1. Taking only region 239-257 into account, find how many residues are surrounded by 17 or more Cβ atoms within 10 Å (Cβ to Cβ), among the aliphatic types (A, V, I, L, M) and modelled with pLDDT under 90.
2. In this structure, is residue 54 out of contact with any Ser or Thr (no Cβ under 9 Å at 6 or more places or on another chain), assigned to a helix (DSSP H, G or I) and under 20 Å from residue 105 (Cα atoms)?
3. If you take the residues in region 283-317 that are within 17 Å of residue 234 (Cα to Cα) and of a type in the set (D, E, K, R), which one is farthest from the chain's Cα centre (by Cα)?
4. Scan region 22-42 and give yes if some residue there is in contact with a Phe, Trp or Tyr (Cβ under 9 Å, 6 or more places away or on another chain), open to solvent by 80 Å² or more (accessible area, probe 1.4 Å) and not polar (S, T, N, Q), otherwise no.
5. May I ask you to list the residues in region 86-116 that are under 16 Å from residue 126 (Cβ atoms), part of a loop (DSSP other than H, G, I, E, B) and among the small types (Gly, Ala, Ser)?
6. Against the condition buried (at least 20 other Cβ atoms within 10 Å of the Cβ) and either touching a helix residue (DSSP H, G or I) at 6+ places or on another chain (Cβ under 6 Å) or closer than 23 Å to residue 29 by Cβ (or both), how does residue 144 come out, does it pass?
7. Go through region 162-213 and report how many residues are in contact with a His (Cβ under 7 Å, 6 or more places away or on another chain) and either closer than 24 Å to residue 299 by Cβ or at pLDDT 65 or above (or both).
Amino acid sequence: MNNAEIIEVGRRCLQDEAQALLDMVPRLGDDFVRAVELVYGCRGKFIVTGVGKSGHIGSKIAATLASTGTPSFFINPLDAYHGDLGMIQEGDVVMAISYSGMTDELLRFLPLLQRRGIPIIGMSSNARSPLGRLSVCHLDISVSHEADPLGLAPTSSTTATLAMGDALACALIKRRNFKSDDFAQYHPGGSLGKRLLSRVEDYMVSTDLPFVAPSDKVSDTIIEISRAKQGFAIVMEGGQMVGVVTDGDVRRAMQNYSERFFALTVSEIMSRQPKTITAGESLSKASELMRLNSVHTLVVLDRDGHPCGLIDSFACL
């Protein structure tokens, strides 16, 4: 098997799985809405269950929902027979996943829940399957074929299952009006937690800031920018910030003014509308402002609107 053939198999797999997802789009309907409302209105826990590959996908779906405001966890039906059934109480909602809708271990477990009045959301390829009949609403994850060359290994079907879980999570995020600040409370660790929970004031440079005046010579400003090692200087006049000058402004001035360069003042080359952020804002907000405005550094303002620091894109990583 040559390299081109290997690449073609990979491409075909991706194309088949992508098409499987696109085929699901028009099938979302009233049952999807009922599932969202059922989970949204749940006053207990949301439990996801499944066996084998469906169980692995179900565990990820439960984790995604738990991180976006829906108290949820995964339970294996086999464990339920040995004591874990006590984890499911009145007021909970269960989502059962089985591509065929006929998984024996799952079907022996679900009637126990049904008799206790616990609503079941079914996720399978067949609404008329035993799982579909046990469910108060059914999410269709059927695919025309699996993506593997033999058409046997769960590939397109597991991708469809995972995507349906993500669709449910996304709809619930909107339904709950779940915000980035809420998300941050569930992700305190790592770089994501840093961006969402940390404030600009925690990571800004606040000492020995580079300040220049509009009347300063550009040649002197180069020295100040180099000294501070920020690639940036804040232009102050009468105790107020009136602009900024960057090493990029200096380079462009050298190109545009050539012989006049050393006679230029800061006021002739500075940017008069610098991008700013307040010290109490989150790092994620700072990162977003830099991205939207295509800049690498923001001037940080205190509560009175005075410059108190600088924050760059590296600090937000």
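1. 2
2. no
3. Checking each candidate, the answer is 304.
4. no
5. 98, 100, 101, listed by residue number.
6. no
7. Final tally of qualifying residues: 1.
To keep it simple, each residue is scored yes or no on (1) open to solvent by less than 30 Å² (accessible area, probe 1.4 Å); (2) at pLDDT 90 or above; (3) over 20 Å from residue 311 (Cβ atoms); (4) of a type in the set (Val, Ile, Thr).
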position: 237; (1), (2), (3), (4): no, yes, yes, no
position: 259; (1), (2), (3), (4): no, no, yes, no
position: 263; (1), (2), (3), (4): no, no, yes, no
position: 267; (1), (2), (3), (4): no, yes, yes, no
position: 270; (1), (2), (3), (4): yes, yes, no, no
position: 276; (1), (2), (3), (4): no, yes, no, yes
position: 284; (1), (2), (3), (4): no, no, no, no
position: 288; (1), (2), (3), (4): no, no, no, no
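The values are calculated or read from the model by the stated rules, or taken from the named source; none is laboratory data. Note that the coordinates shown come from a computational prediction; the quantities given were computed from them, not determined experimentally. Here the Cβ is made from the backbone with ideal geometry for all residues, glycine too, and neighbour counts use every protein chain on show. We work out accessible area using only protein heavy atoms, side chains counted, and drop any ligands, DNA or RNA first. Shrake-Rupley method; radii C 1.70, N 1.55, O 1.52, S 1.80 Å.
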